[in-house]
Amino acid sequence: MNSLDTYFRLSDTAGSNSDDFNSLIALFDPNGTIEPASGSSFTGREEITNFFHEFFEKNVKLRHVWITTKQEDGYQTMWAVAALGKDGHVFSLEGNDYAKLNKDGLISHLKVVIKSN
């Protein structure tokens, strides 16, 4: 299992388990970047930590299914998620994540693309 698979596994529990939250953050290179589907960009552990605190504040329960494949320049994960928002609404999304790992296997760059219907 690579860091990207661990990332998806922890994404389902990190919002309600502080050890899993810390493990999720530790998957990122200290200078790594995440680009959520909103078009924003967060670089470094502090910004990534803040991003995930806000993310899990809005999304209180998640269940992912995914398949990760090695690509020429990194990894691609096709995923779907069912979620419960803080306001009580249930929703689902699907998309792709594109990741690059550093030499230690930590996520150095992660881009989230939500599939449009």
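The values are calculated or read from the model by the stated rules, or taken from the named source; none is laboratory data. What you see is a predicted model, and the numbers here were worked out from it, not measured in a lab. Cβ placement follows ideal geometry from the backbone for every residue including glycine, while neighbour counts extend to all protein chains displayed. When the accessible area is computed, the model is the full protein with side chains, heavy atoms only, and any ligands, DNA or RNA have been set aside. Shrake-Rupley method; radii C 1.70, N 1.55, O 1.52, S 1.80 Å.
Number of Lys-Lys pairs in the chain under 22 Å by Cα, sequence gap 8 or more or different chains?
13
State log₁₀ I(q)/I(0) for the range 1-116 at q = 0.14 Å⁻¹ as given by the Debye formula over alpha-carbon point scatterers of equal weight, solvent excluded.
Calculated log10 I(q)/I(0) at the listed q: -0.53.
Share of antiparallel DSSP beta bridges in the chain, in percent to the nearest 5? Could you put the intermediate results ahead of the total?
Working: 31 of 35 bridges.
Of the beta bridges lying entirely in the chain, close to 90 percent run antiparallel.
Please compute the per residue accessible area over the chain with all protein chains in place, 1.4 Å probe, rounded to a whole number of Å².
Numbers: 6840 Å² over 117 residues.
Using a 1.4 Å probe on heavy atoms only, each residue of the chain averages 58 Å².
Taking 0.36 nm per residue of separation and subtracting the Cα-Cα distance, what length does fully extending Lys86 through Ile67 add?
Values: separation 19, 0.36 × 19 = 6.84 nm, distance 2.71 nm.
Extra length available between Lys86 and Ile67 comes to 4.1 nm.
How big is the charge dipole of the chain about its Cα centre, in debye rounded to the nearest 20, if each Lys and Arg gets +1 on its Cβ and each Asp and Glu gets -1 on its Cβ?
Working: 11 positive and 16 negative charges, 50 e Å.
With Lys and Arg at +1 and Asp and Glu at -1, about 240 debye.
Which percent of the accessible heavy-atom area of the range 24-110 goes to carbon and sulfur, probe 1.4 angstrom?
Details: 2660 of 5060 Å².
That share works out to 53 percent.
Could you tell me which residue out of Ala82, Ala26, Ser40 lies farthest along the dipole of the range 5-84 toward its positive end? Charges go on the beta carbon: Lys and Arg +1, Asp and Glu -1, centred on the Cα centre.
Towards the positive end, the residue furthest out is Ala82.
What shape does the range 57-115 have by the C-alpha gyration tensor, where a ≥ b ≥ c are the square roots of the eigenvalues, rounded means a/c under 1.5, and otherwise prolate means a/b greater than b/c and oblate the rest?
Working: a/c = 3.08, a/b = 2.08, b/c = 1.48.
Here the range 57-115 falls in the prolate category.
With a point put 7 Å past each Cα toward its Cβ, work out how far Ser41 is from Met78 in nm, to one decimal.
2.9 nm
Can you give me the relative contact order of the chain as a percent, contacts being Cα pairs under 8 Å and 6 or more apart?
Details: 220 pairs, mean separation 30.0, N = 117.
Contact order relative to length: 26 percent.
When the helix-only estimate is applied to the chain (DSSP H runs of n ≥ 4, each -39,500 (n - 2.57), divided by the residue count), what is the mean residue ellipticity at 222 nm, nearest 500 deg cm²/dmol?
On the way: 3 runs with 32 residues, N = 117.
-8000 deg cm²/dmol, from helical runs alone.
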